[in-house]
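Scroll down for the structure; my scribbles are underneath it.
The values are calculated or read from the model by the stated rules, or taken from the named source; none is laboratory data. Since the model is a prediction, treat every value here as computed from it, not as a measurement. Backbone-built Cβ (ideal geometry, glycine too); neighbour counts: all protein chains shown.
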Amino acid sequence: MNPAAQPSTDTADSTPKLSAWEVMFKDATNAELKLAMAASGTILSLFTAGHMAGNMQVYLGRKHYNDYAEFLRTVGAPVLPRNSVLWVVRIGLLASATSHIMAGAELTLRAMRAERHTVQSTFQDLKLQLTGKQRRRPRGRRRSVPQIIARSMRSTGVVLGLFTAYHVADLTVGARPAASVKHRHGDAYGNLVASLSRPSVAFFYTASMAALAGHMIHGVRTAAMDAGFTTTEQRAQLIEAMAKLVGATVALGNVTIPVAVQAKVVR
C-alpha cells in the first residue's frame, strides 16, 4: 500500500491537549467564573453555618458533644458503611473549595492582565504622587468598611485556607504539633477543649473568625448579585442585611468557644 494513501494522524497528534484548568477555568467567561465562585461559596457558607450550629452542642457537655460527633460518623448506618456519608461531604467540600480557589485565581489573573501595570507606568505613577500632581485619593477621603472588606477578599481567603488546613490537622487528623499532646481519637469534646486551652491556638482561632466574618459578608452579597437576586433597591438592602447577619452570627458563634474554654466555662 502506498504510504501516501494512508490517513495522516499528524493533525490529531499535533492538537494540544487541554489541561483541566484550561477546560474548566481558563476558557470560561468571567460570568461563568463568577457563577462558579458564587455556587461553591454558597456550599462552603452553608457548611460553615451548619458546622458552627453543631459545635454549639459543646455547651451541653462531653456526652452530648461526643454523641453528636459519633452521629456524624454513623449517618446512614446500617445501610451505609461507617464514615461513608462523612467522606462524601468531605469530598464535596474539597471540590467546592478547589473550584472556588481556581475560579478566583483565574479572575485575579485576568484583572491583573487587564490593568497592564508595567514597571515604567508604576514608577511614573509614583513620581506623580511624590510631586503632588496625582494623589491616590482626595485628601481627607477614606475607604469605607465595605470597600476595605472587598479589597481584602484575597487576603482573608488565604487566612481562611491556612486556618482550615490547621483546623483539619488539629481536630480531624490529630497531627502534632497542630494537635494537643492530649489528643485522643474518639474524644471530640476532650480534643476541642485540650486544643483551645492553649492560649496561642485560642487566639489564632479567634483572630481567624474576623477574616471569616468579612469574607462571608462580602461573599454572600456578591454571590447574590452574580445570581441576579439584587435587581431592586429593596432586594439589595435585604441581601446586605442578611449577609451581615449570617457573617456576624457564624463568626461570633465560633468565637464563643475558644473564649469559653479559656474562661473555664467549657472544660
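Table: residues versus (1) under 25 Å from ASP187 (Cβ atoms); (2) at pLDDT 95 or above; (3) touching a His at 6+ places or on another chain (Cβ under 7 Å).
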position	(1), (2), (3)
THR9	no, no, no
SER14	no, no, no
VAL23	no, no, no
ALA28	no, no, no
HIS51	yes, yes, no
TYR68	yes, yes, no
VAL79	no, no, no
GLY92	no, yes, no
* **Test: ILE101 is touching a helix residue (DSSP H, G or I) at 6+ places or on another chain (Cβ under 7 Å), assigned to a helix (DSSP H, G or I), among the β-branched types (Val, Ile, Thr) and closer than 23 Å to TYR205 by Cα** => no
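Has the range 123-145 got any residue that is surrounded by 12 or more Cβ atoms within 10 Å (Cβ to Cβ), at pLDDT 65 or above and part of a helix (DSSP H, G or I)? Write out each step before concluding.
To start, the set of residues in the range 123-145 that are surrounded by 12 or more Cβ atoms within 10 Å (Cβ to Cβ) comprises 124-125, 128-129, 134.
From what's left, at pLDDT 65 or above: none.
No, the range 123-145 contains no residue that is surrounded by 12 or more Cβ atoms within 10 Å (Cβ to Cβ), at pLDDT 65 or above and part of a helix (DSSP H, G or I).
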* To do: Among the residues of the range 64-105, count how many are in contact with a Phe, Trp or Tyr (Cβ under 8 Å, 6 or more places away or on another chain) and either β-branched (Val, Ile, Thr) or exposed (fewer than 14 other Cβ atoms within 10 Å of the Cβ) (or both).
  => 1
* To do: Sort through PHE229, PHE203 and tell me the only one that's within 23 Å of the chain's Cα centre (by Cα) and modelled with pLDDT under 95.
  => PHE229
* When you look at ARG154, is it within 30 Å of LEU107 (Cβ to Cβ), buried (at least 19 other Cβ atoms within 10 Å of the Cβ) and modelled with pLDDT under 95, yes or no? -> no
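When you go through VAL201, VAL220, VAL173 one by one, which is the residue that is β-branched (Val, Ile, Thr) and closer than 22 Å to ILE43 by Cβ?
Details: VAL201 fails: closer than 22 Å to ILE43 by Cβ; VAL173 fails: closer than 22 Å to ILE43 by Cβ.
Step by step, each of VAL201, VAL220, VAL173 is checked, and only VAL220 is β-branched (Val, Ile, Thr) and closer than 22 Å to ILE43 by Cβ.
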* Could you tell me whether the range 232-243 includes any residue that is crowded, with 16+ Cβ neighbours inside 10 Å, in contact (Cβ under 8 Å) with a residue 24 or more places away in the chain and either of a type in the set (Gly, Ala, Ser) or farther than 30 Å from TYR189 by Cβ (or both)? => yes
* Give me the pairs: first residue in the range 50-63 and farther than 14 Å from THR249 by Cα and touching a residue at least 12 places away in the same chain (Cβ under 8 Å), second residue assigned to a helix (DSSP H, G or I) and of a type in the set (Val, Ile, Thr), beta-carbon distance under 8 Å, and six or more apart or on different chains, which are they? -> VAL58/ILE257
